[in-house]
Amino acid sequence: MDVGRHPTHPDWHALPAEQALTRLQTSSSGLADTEARARLARVGPNALPRARPRPAWRRLLAQLANLLVAILLTAAAISLALGETLDTLAIVGVVTIIALIGFLQEGRAEQALARIHDMLSPRAQVLRDGRRTEIDAEMLVPGDIVLLESGDRVPADLRLLEARRLRHQEAALTGESVAVDKDIAPVATDAELGDRASMAYAGTLVAQGSARGVVVATGTATELGRISTLLGGVEKLRTPLLRQLDRAGRVLAGVILASAVATALAGILIHDSPWPEMFMAAVGLAVAAIPEGLPAIVTIGLALGVQAMARCHAIVRRLPAVETLGAVSTIFTDKTGTLTRNEMTARTIWLPEGEIRLHGVGYAPHGALHAVADDDSLLEPLRVDDHPTLRHFLRVGVLCNDAELVEDAGEWRIHGDPTEGALVVAAAKAGLTVGGIRDEHDRHDAIPFASERRYMATLHRIDGAPWLLVKGAPDRLLTMCQRVRAESGEVELDRPLWEARLRALSSRGLRVLALAEKPVHDPGELSEAHAERGLVLLGLVGLLDPPREEAITAVAECRAAGIRPVMVTGDHADTARAVAKQLGFARPDRALSGHELDAMSAADLAEAVRRIDVFARTSPEHKLRLVEAQQSHGEICAMTGDGVNDGPALRRADVGVAMGRQGTAAAREAAEVVLADDNFATIVAAVREGRKVHDNIRKTLTFLLPTNGAQGLAIMLAVLSGSLLPVTPLQALWVNMVVAATLGLALAFEPGEADLMQRPPRRPDAALLDLFLLWRVGFVAALLLLATYGIFAWIHGLQAADITVARAGAVNMLVAGCAAYLINSRRLTRGILSRRGLFGSRAVWVTIGLVAAIQLAWTYLPLLQRLFGAGPLGLGHWAAILASAVLLLLIVEAEKALLRRRG
C-alpha cells in the first residue's frame, strides 16, 4: 500500500488499531521527520481548496444578460446614431437603474467552501521521531500520531489508538446534538458515520477526555474534505420565479420585436413613410411595450418580503428565496433543535412498583408526576414524600451527577451534560432541593463516565454509611446487578422483566438510563472491579428531547397547505419515529436508515422518498440524494440544516434553511435563509410570507403589462392607419416609469389573501403568463387603448386643439386608467366594489395621490411641457378623463363577476 498516494481504505473504523498502524507503515511513536516530509511532498498539505470569488465586474455584467435589456440597449444605440439624444439618455438611464438594482440584490459571492476551510484546526500536537511537538495542521500526513485534549478541534481524520474518558461533539458532521462516546475498539464495517466510535473526524471537537490517534486521511480525503468536494460540485438550481420571469421575458421579447418590425415595415411599404421615422416609431413601440420597471418592482416586492420575514426571525440572504419559499411543496427538516427543543427531559421513571410519568418540557422545573395505572391511564399527582422509593431514586440521580440547573434572567439552563441535567430537573419537579441534597451528602470519590465502561459511579455517605451510586447504560448495569430495591426491601432481579421494560421505553424513542447502588464496607479508593459487582438496581429513567409545541401546530399548518414535512436526522430510527408521531407527521411508523439508503438505486430512492416521511442516521450524501430524488418529481424542496454535513443538501435544495443559533458558519453560508430562533414554525411563517409575495408579484405583473400593451398598440395603430402618434416614445417611457415607480409599488404592500395557507403549492412548471393573465392583460390593454385613442381623437379632432394638448390628454388618460385599474388589481378575481375593497389599502390611495400630483406638474410646468412636448388641459378635459377611468374600473369589475359565475 502506497501511503504516499493517500490511503484509500474505507473501513479504518473496522480495523484493529495495530492493523491500522501496519497498513499506514507507522508506529505508535510516530513518523520520522524525513519520512513525514517525503509523504507531504507526495500527498500534499492538509488543507481544503478555497473557492475563487466572482469579481464585481462580472456580477455587474451578468445583470445585462437579459433579452429585454438587450433590446433596449440596441434601440438606444440606433437612436443615438439618428441624433435622438434625449431618447437615448432616457433609455440608458432606465437600463442603468435596472442593472444596479440587480447588482446590489445579488450581494456577496458564495462563501461556503471558505467557511468549511476555516474549520480545520490551524495547529496540531504530534509525535515525530518519538518526541511530542506542535506543527501547523497543514503539515500533517497519513501515519502521523496526533495527541488530543479536551477542547481541541480534530485536525485530520484519525483512527484512535488510546482514549481516556473521550467524548466528541460531532454535530457539525452527523447532526447529533449530544456528545458521543469514543473508544478504540473496532466497529462493524457497515457502521454509520455517527456510530464509528473508533474514529475522530476532522473539524469535530473534543468535548471531554484525551486521546491519541493515527492520521488516516488529510485535506480533501477527510470526511470534511469529502463534504467540501461534494458541495463544490453541487449544481444550484434557479428559483421558480427566475425561471418564470426568464420564460415570460422571452415571450414578451419575441412578441414586442415582431410587432415593432412588422409595424415599421407596414409604415414603409403601405404609407411610404421615411425609414428613419418608422425606425423611431418601432423604437417607440418597443420602449412603450417593454415593462422596464418590472425588475425593480419585483426586487422591491422581494425586499419587503425580506423585512416581513426578518420580523418572523427568518433572515433571507438571497432575495429570490423569498418567493421560492412560497412554492415549497416539501420541507426536509432536521429534528434536534428545529422540531424539538434540544433540551433532554425525563419523561418516565420505571420503578419495581410500576411506571411514573413526568409532565412539563424543557429545563424549567415545573410539572407534576403521575403513577400509571394498568390501563395506561394516569392516576392523581404524586407527592414524593409518600413514595420513598421514588424519592430515593431521584436523590441518587442528583448525587451521581455533575450537571447544574441555573436560572438566568427568567430562563432555565443546564450547565453540563444535557442527559444528566434531565435528572436534576426531574428531582426539582418533585420538589427536592438539589443543592441541599448535594450539601448533605458530600461526594468522597468518583469513577468518571468512560465509553469503555458505559457508567459513572460516585461514593457518598448516606444515612451515616458509605454508599456507591452508579448511573449508566441499562444493558450494562443489568449485567452488574443481582437484586432490585423495592418498597418492601431488596428482591431478586427478574432480568427478563427489566429487559422487557427497557425495550418498551426504547420503542417510544426514549434514551434510557439505569440507576443502581450498593453499600461500601471499605470506603477506600474506588476500583472498577469493586463497582461492577453486587449492585442493587433502583430503576430506569426514559429521556426525550421534547417536540416544540409550536412545531406541532406548524406541522399541521403545513399539511393543510399541501406541504409535506420530512424528517432527516442523524439520530436513531426509534427516536425519530417517536418524535414524528408526536408532531403529527402523516406517516411516522416507517423510517429508513442510512445503510438502507446506501443499498437503493436512484430510481428506488425516488420512489421511497414519496412514501417515507422519516429518515434516520443520515450522511451528507444521503441528504443530498434525498433532495435530488424529490426534485426529480418536480417538487420544490426546502432543506434545513445546522452542520457542515448539511452544506451540499442546503446548496442543492431550492431553498436552503440554516439554523442561526446552533448552526455552523458553513451551513449559514450555504443557505438562502437563516432562522434566528432555529424553529420549524418560523419556516412555515416564512412560507406564508413567500406565498403572499408571489401573489403580489403576480398582481403587479397583471397590472403593469396592460399599460405597456396599450401604449404599444396605440403606436402600432397610428402607424398602420397612417395617423399621428397619440404618445411619443419619450412620453411612453415617462408613463412607464411613473406608473412603475408609484402605482406599481402599491401592490407590493397588499396583505395576504385569507386562504393563503389553505391552497396547495403552485406547480413549479406553471407559466407566469397563464391563460387567465394573458386574457386579463389583453382585455385591459384594449380598454386603455380605446380610452387613450378616444381622448386623443376627441381633443385633436373634434376640438381641433394643438397636438401637444391632445398628447397630454392621451398621456393623462393612460395614467388615470392605470390608477383605476390599480384598484381592480388588488383582487384578481374577487370584487372590490365595497368599502374595504375600494379603500382598504392606504398604499394604493397614497400612490394615486402622488401620481396625480406628478401628472399635474408634468401637464402645467413649462420646463416639463417643453421637454416632453405636452400642452395644458382644461377642466372639461379632466372631467372626460376621470369619467373614462371610472367607467374602465366598472367594466373590469363586470368582467370579474362574469368569470366568477362561469367558474
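Rule-based calculations on the coordinates, nothing more; no lab input. Please read these numbers as outputs of a predicted model, since none were measured by experiment. All Cβ positions, even for glycine, are placed from backbone atoms using ideal geometry, and neighbour counts span all protein chains on display.
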Checklist outcome for this item: Rounded to the nearest 10 degrees, the helix 771-793 long axis (Cα) sits at an angle to the longest Cα principal axis of the chain of 30 degrees
Checklist entry - Looking at the P(r) of the chain, how many percent of alpha-carbon pairs lie beyond 47 Å? => result 42 percent
Item to check | With Cα atoms, 0 to 90° folded angle of helix 388-399 axis to the chain main axis | outcome: 80 degrees
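With charges only on Cβ, +1 for K and R and -1 for D and E, what is the dipole size of the range 345-544 about its Cα centre, in debye, rounded to 20?
Its charge dipole is roughly 400 debye.
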Checklist entry - Residues in the range 676-720 near a label at GLU895, defined as backbone nitrogen under 16 Å from the 7 Å Cα→Cβ point? => result 699-714
Item to check | Cα-projected label distance for ALA262 with TRP845, points at 7 Å along beta-carbon direction, nm | outcome: 4.3 nm
Item to check | the chain, dipole about Cα centre (Lys/Arg Cβ +1, Asp/Glu Cβ -1), debye to the nearest 20 | outcome: 3040 debye
Checklist entry - Between MET716, ALA732, HIS13, whose Cα lies farthest towards the positive end of the dipole of the chain when Lys and Arg beta carbons carry +1 and Asp and Glu beta carbons carry -1, centred on the Cα centre? => result MET716
Next on the checklist: Report the Cα centroid-to-centroid distance between the range 550-567 and the range 408-457 in angstrom, as an integer.
Outcome noted: 36 Å
Checklist entry - Considering every pair of different Cα atoms, what Kirkwood radius, in Å, is found for the range 345-544? => result 17.0 Å
Checklist entry - Cα centroid distance between the range 573-597 and the range 805-879, in Å? => result 58 Å
Item to check | Relative contact order (percent, whole number), the chain, Cα cutoff 8 Å, 6+ residue spacing | outcome: 13 percent
Checklist entry - Hey, what did the range 383-463 get for relative contact order, percent, Cα under 8 Å, at least 6 apart? => result 24 percent
Item to check | Cα lying deepest toward the dipole's positive end in the chain, options PRO448, ALA781, PRO388, charges on Cβ | outcome: ALA781
Checklist outcome for this item: In nm, the gap between the two label points placed 7 Å beyond Cα toward Cβ at ALA586 and ASP598 is 3.0 nm
Checklist entry - Which one of MET813, LEU705, TRP794 is farthest out on the positive end of the charge dipole of the range 694-817, using unit charges on Cβ (Lys, Arg +1; Asp, Glu -1) and the Cα centre as origin? => result LEU705
Item to check | Estimated distance in nm for a label pair at SER488 and ASP375, the labels positioned 7 Å out from Cα along Cα-to-Cβ | outcome: 2.6 nm
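Rank-order 514-521, 851-858 by packing density, defined as the average count of other C-beta atoms within 10 Å over each peptide's residues, highest first.
Numbers: 514-521: 20.2, 851-858: 16.5.
Descending mean neighbour count gives 514-521, 851-858.
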Checklist entry - Using alpha-carbon positions, what is the distance between the centroids of the range 138-214 and the range 725-744, in Å? => result 66 Å
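Just need the relative contact order of the range 345-544 here, percent rounded to a whole number, with Cα pairs under 8 Å and 6+ apart.
RCO, the range 345-544: 22 percent.
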Checklist entry - Summing -39500 (n - 2.57) over the DSSP H runs of n ≥ 4 in the chain and dividing by its residue number, what mean residue ellipticity at 222 nm do you reach, to the nearest 500 deg cm²/dmol? => result -15000 deg cm²/dmol
Checklist outcome for this item: Longest principal axis of the chain (C-alpha) makes with the long axis of helix 875-902 (C-alpha) an angle, in degrees to the nearest 10, of 50 degrees
Checklist outcome for this item: Rounded to 0.05, the calculated FRET efficiency for the beta carbons of SER273 and ALA560 at R₀ = 60 Å is 0.50
